[in-house]
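Below is one structure, written out as structure tokens, with a few remarks after it.
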Amino acid sequence: ESWEDKYYWHEDAVPFKTVIANHWEPVYAYRAAPIVEDGVYKIDGEEFDFRAGSYTGYNAWREHLSFMATGLNPRTIWNNSDRYATVPFFELIHFSDCEGIIGSAVSRKLAADFARFQEKADQHRDSWFREKYDAWHKAFELAADGGMVAFH
């Protein structure tokens, strides 16, 4: 049963089912917290929408982010997630662009990571990387206060 079958849609709502958050691993449910109930969530606060890029573009951006912050290829982090769960940006590096949402708890942590690495990101040679970095930073800052970052 899809969420469309269970809930009505309106323009100021975001559908979310917990199965999206924990489809592969329990860590995805952790990323969605505190939004863990099935339902439709109304957007009350500020919205910020940006294009993260195509599947390939998002992966390339994550690769740049991973090397900048950890010195590691993201595949190393993905294949050894228990070992690297505490590296900066782990929750974004180990998150596909089609895996649901990141809730406010993890958004606070990621916003802090973005702030911590802002100076280094500002020196990155690629303007596209810097532009996306700033967009992600803004998204996680907004989501840190009871919001969410929804991948769609």
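None of the figures in this text is laboratory data; all of them are computed from the coordinates on show. All figures in this text were calculated on a predicted structure; none of them were measured in a lab.
Across the range 78-152, the mean sequence separation of Cα contacts (distance under 8 Å, 6 or more residues apart), normalised by length, yields a relative contact order of 43 percent.
Let a ≥ b ≥ c be the square roots of the eigenvalues of the Cα gyration tensor of the range 62-103; is it rounded (a/c under 1.5), or, if not, prolate (a/b larger than b/c) or oblate? Here the range 62-103 falls in the prolate category.
Which length gain, in nm to one decimal place, applies between Tyr55 and Ala112 when the Cα-Cα distance is subtracted from 0.36 nm times their residue separation?
Here the answer is 18.0 nm.
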